[in-house]
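First up is the structure itself, then whatever we jot down about it.
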Amino acid sequence: MVSINYSSREVCCKIVYYGPGLSGKTTNLQYVHSKVPGNTRGELISLATEADRTLYFDFLPINIGTINGFAAKFQLYTVPGQVYYNATRKLVLRGVDGIVFVADSQPDKMDENIESLVNLEENLVEYGYDVNDLPVVIQYNKRDLPGVMPVQDLNARLNRRGWPTFESSATVGNGVFGTLKLIIKLESKPTFELNISLPIKNTNNIDNIPKTAENNLNTNESVPKLSIT
Ligand SMILES: Nc1nc2c(ncn2[C@@H]2O[C@H](COP(=O)(O)OP(=O)(O)OP(=O)(O)O)[C@@H](O)[C@H]2O)c(=O)[nH]1
Ligand SMILES: [Mg+2]
């Protein structure tokens, strides 16, 4: 659940980047870290092996302004995608408020994508989370590579629940902030409206992101405007 601290006037949300090994989860956080102003983020903590595979998780805290006087803090985590690290994946999911499922768009990665999705749902069920109640965005990553599957086919294989989707090329940053804004929008709005009855006044174009946001890869995303004040 989103945690609200009334004495320090802080709202804290946990976003987990989930998906198969090498799909680009760590790359997403690295790009966010490299682009957000230093005074709105903490350090990127990465626990990786020599080959840069995530061993435990990556962690990046970002502060994105205020929501009616409450400081909005988002904690971004990745899980290790390699199949045998499931205990860690499960641990990272504890207390999750929103999930970005980073899928690899290459045809030969479909089995791994599906296996990871099934694993995500299994782990959520073990915590008693209802996957239908949790905000999830599917990010179709590596769109820059030749021969990637059309989004329509990816949706047919991976998106039977009709989650919002976003295309990306995380190495160059396309779609990274679009995905992040979308998950923030999905997880913030209902929570604040429901729990603290403080409507978000101005979402700085976050509202303009369509449900299926097949974004234009030619649009370079600059430094994000994530303030929800
Ligand atoms: N061409 C291309 N390569 C990408 C993209 N995103 C990530 N990569 C590359 O894919 C490799 C794996 O990326 P990571 O971000 O480490 O993948 P991960 O999902 O964190 O992998 P694990 O930690 O093992 O779960 C790296 O070499 C990245 O540079 C992309 O959009 N396009
Ligand atoms: Mg990683």
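Values quoted throughout were computed directly from the atomic coordinates according to the rules given, and no laboratory measurement underlies them. This is a predicted model, so every value here is computed, not measured. Neighbour counts run over all protein chains shown; Cβ positions are idealised from the backbone, glycine included.
Annotations for the structure displayed:
- On the beta carbon distance between Asp153 and Arg9, with R0 = 41 Å, the FRET formula returns roughly 0.30.
- Here the 3J(HN,Hα) profile of segment 70-79, calculated from phi with Karplus coefficients 6.51, -1.76 and 1.60 at θ = phi - 60°, is 9, 5, 9, 10, 10, 10, 9, 10, 10, 9 Hz, Gly and Pro shown as x.
- Among the chymotrypsin sites (Phe, Trp or Tyr not before Pro) within segment 102-151, those in coil by DSSP and having at most 13 neighbouring Cβ atoms inside 10 Å are Tyr127.
- Extension gain from Arg160 to Glu43, taking 0.36 nm per residue of separation minus the Cα-Cα distance: 38.5 nm
- For segment 93-100, 3J(HN,Hα) per residue [Karplus equation, 6.51 cos²θ - 1.76 cosθ + 1.60, θ = phi - 60°, Hz, x = Gly/Pro]: 6, 4, x, 5, 10, x, 10, 9
- Approximate spin-label separation Asn132-Asp52, in nm, with each point projected 7 Å along Cα-to-Cβ: 4.1 nm
- For a label point 7 Å along the Cα-to-beta-carbon line of Leu145, residues of segment 81-100 with backbone N under 20 Å: 81-84, 100
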